[in-house]
Amino acid sequence: MALAIRRSTSEVFGAAKWFIRRDCRALSTLPEKAVEVPVEKKRDRPVVSRIRANARNPNLALRHVYPEFLPDPNPKWRNSLREKLERTDMLNRRKQIDIPEFYVGSILAVTVADPHAQGKTNRFVGICIERKGAGLRAEFTLRNVVDHQGVEVRYDLYDPTVHSIQVLRLEKRLDDKLLYLRDALPEYSTFPFDMDPEILPDGTPVPVNPVQVKLKPRPWLERWERQELQGVSNIEEHLKEKDRVRRELRKEPWEKYDLMKQYRKTIPIEDQNDIWAEVNHQLKQLQLTRKKVSRKRTFGVPKTQLG
Amino acid sequence: MRRQILCLSTKITHNSCTKALPLTRFLSTQEAIDRRYHLFTLEKKRQLDKVGRVEKIEVQYKGVPNDCTLVMNKGISTPYDCARHLSEWHMDTSALALLDGTVYWDMHRPLTENCTLELQNFRVPEPQQVNRAFWRTCSFMLGACATVAFKDTVPVKLHSFPGPDIRSGSFIYDVQLPTLDDWKPSQQELITLGAEYVKLVRQNEPLERLEVSEELALEMFVENEHKTKQIPSIARNHGKVTLYKVGKHVDISKGPMISTTKQIGRVAVVSVHNLNGSNSEVEHLYRFQGVALPTGVIINHFAFSILTDRAKKLNTVRSPVPKTLEHEDSESIAMKA
Amino acid sequence: MNQADVSKLVSKLRINVLPKHRNLNNPKGPEGRIDKLRKTVTGLIKFERIELNYNRADEARQYAERLISEAIRHGDCHKPTMDTANFWLLEKELIHKLFKVLVPRYEATNLSYTRLISAPQQQYGRHTDKAVLELRGNPFPDLMNYKTNNKLLIQNVLLDAAKQDYKQSKINEIANNIGKKGNSSLDKSSKNIEVPEKPTES
């Protein structure tokens with residue numbers, strides 16, 4: 001699944017919609033499509049494989065939105081009790097502030113308590129270039145260019161000093177990490193602090209921004225040419241023949257077939273199902289309350305959108 | 001002594017031993033055992049020599065690793081020899097041989113004709129016959145143990161042992177101890193008996209089978225009045241008496257028995273009961289009881305303690321001997337092991 | 001601290017997985033390691049039972065398990081799974097076997113797909129640990145022949161008889177109590193004693 005479908009209130013009524021649609025079809029004079037018959041036959045076949053049944057759990061889509069609810073896959077640091085306690089703590093924190101859905105590449109505004117700042121709060125706007133950590137130690141890094149100077153701030157997602165996290169533009173980029181923005185031209189990571197939030201209509205998939213950045217000439221912080229980045233356009237311009245040769249030497253084409261390496265990096269479906277079954281209900285409740293609040297707010301101040 | 005044995009052996013080779021010598025009076029237990037062993041080996045040698053020219057038979061082996069045909073010597077080769085052609089595992093674990101799917105055959109009994117052969121260990125799906133053979137062997141060994149264990153001053157006369165009844169919980173040997181009056185063994189003595197048993201088992205002797213004529217059997221057991229009484233009724237049907245030998249101990253048994261004593265694993269001699277009240281015909285008759293498991297059967301010590309506790313009770317299986325003398329029905333001869 | 005990778009979903013393996021992979025000694029490094037494992041996995045799928053060094057067997061076992069679980073989850077119409085099978089199985093007719101023979105065999109199972117059994121070692125001299133790696137449900141005779149749940153095995157017969165004996169003694173005791181006193185309260189107390197021993201299968 002490359003794109004995560006945005007979860008919304010419409011889903012809650014999804015079942016009702018389904019019934020209505022079916023009823024309409026039954027009432028209409030149009031015959032049902034002949035194609036649908038074999039599809040239903042397939043469903044009749046008894047599902048013998050538990051593996052396939054497990055993988056069909058709709059809750060699994062939550063992993064894209066809330067990746068920090070999954071524990072660190074390294075067995076050295078696994079502790080089921082600690083993980084469970086952390087999840088309850090995370091849910092409690094989410095009841096206090098709205099931690100919205102965002103991805104690497106989204107533009108966020110974060111307000112944190114700062115005893116030395118005017119008004120005791122500090123607001124920072126930037127593009128999320130990295131998300132790391134599991135559980136209460138989940139963190140993300142925002143990057144912006146302020147006064148021609150690149151600035152990066154690392155925030156803990158569940159830090160109690162965070163007052164609010166606001167998503168100004170919800171989108172994804174072509175890569176999982178945007179660390180190459182550090183070596184890119186500054187215009188790619190410059191965002192105005194007075195940006196208005198862009199509101200996506202409910203139910204639309206999260207858009208992927210296909211922009212390809214241009215890197216500054218070398219020296220670079222990392223060997224970007226070896227990382228098979230999608231979001232960089234001019235990487236070949238800066239390479240010497242030597243670099244290309246070494247890139248070929250360093251390639252690991254077998255890595256994508258290394259099944260155990262993948263396995264050690266992820267949490268298996270069966271474990272995920274348990275986790276999502278535990279937190280799913282509360283997360284849905286939180287979403288519903290957030291929706292109600294935000295709807296009230298939008299009805300309350302219609303003029304600000306005009307101005 | 002030696003001269004007597006020599007004399008006897010010459011008699012046996014001429015197959016004309018009819019008159020039992022009055023040996024009873026001056027044979028100690030040890031001498032009797034030696035004499036019986038000597039007679040057994042001589043008779044075995046004689047029977048082997050009688051085979052004469054070696055003929056070949058084809059034995060169809062069925063089972064792991066694969067079915068195959070073995071060409072063996074008629075009257076000489078045993079199922080154990082077949083196992084030696086297969087593997088060490090077959091030699092060690094096979095307890096009984098199953099010929100043609102019906103006849104249970106000792107591992108050390110020569111094959112007589114073309115047949116199919118299956119080797120049975122204690123883990124086969126239907127191990128009843130193997131279990132019976134195992135229980136019978138345990139009783140047999142208990143007799144050997146009882147003869148060895150006592151001091152020279154205590155004469156030991158083996159009486160008999162009933163057919164294997166595993167559900168009764170213990171294997172039995174009835175022994176007459178004429179000089180001991182109302183003997184109750186202490187715990188230490190029972191442990192010593194068990195140790196003697198284990199010593200015998202560790203010698204890893206094969207159980208050899210031999211069918212002898214009634215006269216020779218009477219000759220071998222001349223000093224044991226119980227056995228001499230039993231032999232005619234046993235030999236009534238075929239005129240033959242089946243003997244088994246392990247180490248130097250020779251005893252009457254119907255068979256079949258397991259391959260070697262090594263296959264007896266965990267074992268305990270748990271009790272000795274005085275039978276004087278129930279059996280009036282023989283004085284000072286004691287019932288030795290024990291419980292054993294095959295090698296490789298690993299059982300929890302608690303579970304084994306349940307078995308030993310149960311085996312301590314007097315096993316009331318009727319000794320078949322008085323019955324056979326009176327009624328002579330085939331059932332009890334079959335019971336007579 | 002790392003975040004779990006969410007881009008791929010994997011089914012849980014029913015075997016123990018070590019926290020870290022083993023570097024199987026190889027001059028070619030990780031590529032050589034994967035090549036070795038490919039050969040082993042191919043052999044395992046082909047012959048269904050192989051004997052080899054323990055370390056290599058354990059590593060190859062994990063890859064074989066993963067391959068089969070992927071095949072079960074996605075079926076033969078899924079391009080990446082097909083690619084993976086193509087990579088891991090050096091003999092191409094085995095791809096057909098994987099999807100058409102092994103997937104139906106293991107679809108409904110609750111156990112691991114392979115078994116790893118330590119093989120006997122030589123008694124003297126230097127040795128490396130050997131192991132037998134096999135697919136479950138292979139056509140060969142069972143290696144672990146410890147079927148102790150057979151009621152006819154001698155230890156089970158003995159224990160069963162002991163249990164019956166115990167029950168019988170209890171019943172006799174109750175009967176005696178009734179005969180003596182005819183008091184219902186005593187009966188209850190003796191009935192409460194449950195049979196504690198069960199034939200344990202060793």
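Coordinate-derived values only; no laboratory data. The model shown is predicted, which means the values in this text are computed figures rather than measured ones. Cβ coordinates were reconstructed from backbone atoms using ideal geometry, including for glycine residues, and neighbour counts include every protein chain displayed.
Tabulated data
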quantity: Chain B, helix-only ellipticity at 222 nm - DSSP H runs n ≥ 4, -39,500 (n - 2.57), divided by all residues, nearest 500; calculated: -11500 deg cm²/dmol
quantity: Helix-only [θ]222 nm of chain C, DSSP H runs n ≥ 4, -39500 (n - 2.57) each, per residue, nearest 500; calculated: -14500 deg cm²/dmol
quantity: Two-site FRET efficiency, residue C:97 against residue B:254, from Cβ-Cβ distance with R₀ of 41 Å, rounded to 0.05; calculated: 0.15
quantity: For residues of A:262-274, the mean tally of beta carbons on other chains within 10 Å; calculated: 6
quantity: B:138, B:115, B:145, B:68 arranged by Cβ crowding within 10 Å, fewest neighbours leading; calculated: B:68, B:115, B:145, B:138
quantity: Sites residue A:249 and residue A:91, calculated FRET efficiency, Cβ-Cβ separation with R0 60 Å, nearest 0.05; calculated: 0.80
quantity: Residue A:294/residue C:26 FRET efficiency (R0 60 Å; Cβ-Cβ; nearest 0.05); calculated: 0.55
quantity: Values of log10 I(q)/I(0), in the order q = 0.11, 0.15 Å⁻¹, for segment A:51-306 under a Debye, Cα-only, solvent-free model; calculated: -0.75, -1.30
quantity: Cα-based Kirkwood hydrodynamic radius, chain B, one decimal, Å; calculated: 20.9 Å
quantity: Cβ-placed point charges (K, R +1; D, E -1), dipole of segment B:56-121 about Cα centre in debye, nearest 20; calculated: 140 debye
quantity: Mean Cα-pair separation over length for chain C, i.e. relative contact order, pairs under 8 Å, 6 or more apart, %; calculated: 20 percent
quantity: Rounded to the nearest 20 debye, dipole of segment A:121-160 from Cβ charges on Lys, Arg, Asp, Glu; calculated: 100 debye
quantity: Length added when fully stretched, residue C:55-residue C:109, from 0.36 nm per residue minus Cα-Cα; calculated: 16.8 nm
quantity: Scattering profile of segment B:56-121 at q = 0.17 Å⁻¹ [log10 I(q)/I(0), Debye over alpha-carbon scatterers]; calculated: -0.46
quantity: Cα lying deepest toward the dipole's positive end in segment A:51-306, options A:230, A:91, A:161, charges on Cβ; calculated: A:91
quantity: Rg/Rh for chain C, where both radii come from Cα atoms and Rh is the Kirkwood radius; calculated: 1.24
quantity: Positive-end residue of A:203, A:81, A:66, charge dipole of segment A:51-306 with Cβ unit charges; calculated: A:81
quantity: Within chain B: Cβ-based charge dipole about Cα centre, in debye rounded to nearest 20 (Lys, Arg +1; Asp, Glu -1); calculated: 480 debye
quantity: Leading residue at positive end of dipole, segment A:245-292 (Cβ point charges), from A:267, A:288, A:254; calculated: A:288
